[in-house]
Amino acid sequence: MSETTLAYLAEKTASGNDLDESEVRVAANQLTAADASVEDKESFLVSFADKGESAQEIAAFASCFREFAIDPMVDDLAHSAIDVCGTGGDKSGSFNVSTTVAFILAAAGVTVFKHGNRSITSKCGSADLLEAVGIPLEAKPALIRSSLEELHFAFFFAPVYHPAFKEIVPVRKSLAEKGHRTVFNILGPLINPGRPAYQLLGVFSPDFVSRLASCLEALDLRRALVAHCSLSGAGGLDELSCCGKNLVSGVGGLSETKGDWTPEDFGLPCHPYTDIAGGNVQENLRLLDTLFSGEAPSGLMDTVCLNAGTALWIAERTTEVKQGVAMAKDLLLGGQVKSWLERAKAFYADASET
């Protein structure tokens, strides 16, 4: 059997053996090839996940798909930009915390490179909420550049910037229906085409916190934090929250930051998970409004501010998380974030008319 086929690599991983960088490149090319069979792709992805993807393998896949991505031509801004996102897959149905945090950061003048997709495992994905507030998903490069200059914000819609994934969609769909997770459930936050220097990355399982921190190290981020929240009952969240204990692992300039964070560490109380429960697009828009009016469930307000405060700290806008939490709350309740959203909506509406 040829060593350049998915069938060979599936057999190797099924035996418990890791792939080297050149084998990962072969796999990436075969997975995105139109002439490779769906059966071979499924077999490889299942055996690879069953083996357990190593940090080195995930980083190698991320490097390949970064190369395959369309370049948004924002290299000059990447050194000061941040992405805030989660892997998804925690099946919690929580509110769009990371997307709201992106709004707060942009309102604070931090350059945001938001990378995301429509909902896959929830009722309202990042792209769904962005579209609902008037931010288009498929803006042309010139408009994205103007948005970064005017609003400090860009959204890179994954299907547009990763055309190579087109050949993976039916395979992922088929495997999801059979209950199989694949490496593609992990890769999304690692392949932002803008390549921001800063990142807050939430993961669906504590088992992947240190693994994905190692991946971000390999991808040479300046400062980043990987987090997972274990809920007091059962399950967990792919983000920081004030509803449980947060396992974190820092990257780059934050590599010494490791261990457990609790809300109390930052002067915040612990809240029930029901406070951060989300719904469909319309329900999440209503919750967003309650954050601006101060009528949001206290657990939602504190969780959003904890994530935003951490992101401000990661991006070197504050010297400590607690200071960032207070800043985020002031931006929400002081009207700056709502005003930013109104400006963003008007900006894109004007652009569509020209």
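The values are calculated or read from the model by the stated rules, or taken from the named source; none is laboratory data. Since the structure is predicted, the reported quantities are computational estimates derived from the model, not experimental observations. We place every Cβ from the backbone using ideal geometry, glycine too, and count neighbours over all the protein chains shown. We work out accessible area using only protein heavy atoms, side chains counted, and drop any ligands, DNA or RNA first. Shrake-Rupley method; radii C 1.70, N 1.55, O 1.52, S 1.80 Å.
A few points about this structure:
- Leu148 being open to solvent by less than 40 Å² (accessible area, probe 1.4 Å), assigned to a helix (DSSP H, G or I) and over 27 Å from Val209 (Cβ atoms): yes
- Enumeration of residues in the stretch 319-354 that are at pLDDT 95 or above, open to solvent by 80 Å² or more (accessible area, probe 1.4 Å) and within 16 Å of Phe153 (Cβ to Cβ): Gln336, Lys338, Glu342, Arg343, Lys345
- Given (1) touching a residue at least 12 places away in the same chain (Cβ under 8 Å); (2) aliphatic (A, V, I, L, M); (3) open to solvent by 10 Å² or more (accessible area, probe 1.4 Å); (4) more than 17 Å from Ala81 (Cβ to Cβ), number of the condition Ala142 does not satisfy: (1)
- Any hit, the stretch 98-106, residues being without any contact (Cβ under 8 Å) to a residue 40 or more places away in the chain and in contact with a strand residue (DSSP E or B) (Cβ under 9 Å, 6 or more places away or on another chain): yes
- Of all residues in the stretch 219-248, those satisfying the criterion of being more than 19 Å from Thr87 (Cβ to Cβ), under 20 Å from the mean Cα position of the chain (by Cα) and either among the acidic types (Asp, Glu) or in a loop (DSSP other than H, G, I, E, B) (or both) are Asp220, Arg222, Cys242.
- In the stretch 64-78, the residues that are touching a residue at least 40 places away in the same chain (Cβ under 8 Å) and more than 22 Å from Glu149 (Cβ to Cβ) form Cβ pairs under 7 Å with partners that are surrounded by fewer than 17 Cβ atoms within 10 Å (Cβ to Cβ) and charged (D, E, K, R), at six or more places apart or across chains, as follows: Cys64/Arg25.
- Residues of the stretch 190-206 that turn out to be of a type in the set (Gly, Ala, Ser) and open to solvent by 10 Å² or more (accessible area, probe 1.4 Å), as a count: 2
- Considering residues of the stretch 249-267 that are more than 19 Å from Ser92 (Cβ to Cβ) and assigned to a loop (DSSP other than H, G, I, E, B) only, the residue most open to solvent (accessible area, probe 1.4 Å): Glu256
- Residue ID - farthest from Thr303 (Cα to Cα), chosen from residues in the stretch 78-93 that are outside any loop (DSSP other than H, G, I, E, B) and in contact with a Phe, Trp or Tyr (Cβ under 8 Å, 6 or more places away or on another chain): Ala78
- Identity of the residue in the stretch 294-317, over 22 Å from the mean Cα position of the chain (by Cα) and free of Cβ contacts under 8 Å to residues at least 12 places away in the same chain, that ends up surrounded by the most Cβ atoms within 10 Å (Cβ to Cβ): Ala296
- Whichever residue in the stretch 207-243 is out of contact with any helix residue (DSSP H, G or I) (no Cβ under 8 Å at 6 or more places or on another chain) and of a type in the set (D, E, K, R) and, among such residues, is surrounded by the most Cβ atoms within 10 Å (Cβ to Cβ): Asp238
- Only one of the listed residues (Lys322, Lys338, Lys345) is in a helix (DSSP H, G or I), over 25 Å from Val226 (Cβ atoms) and touching a Phe, Trp or Tyr at 6+ places or on another chain (Cβ under 8 Å). That residue is Lys338.
- 3 or more residues farther than 30 Å from Pro206 by Cβ and under 27 Å from the mean Cα position of the chain (by Cα): qualifying helices (runs of 4 or more DSSP H) within the stretch 1-66: 21-31
- Any hit, the stretch 282-293, residues being modelled with pLDDT of 95 or more, in a loop (DSSP other than H, G, I, E, B), small (Gly, Ala, Ser) and open to solvent by 30 Å² or more (accessible area, probe 1.4 Å): no
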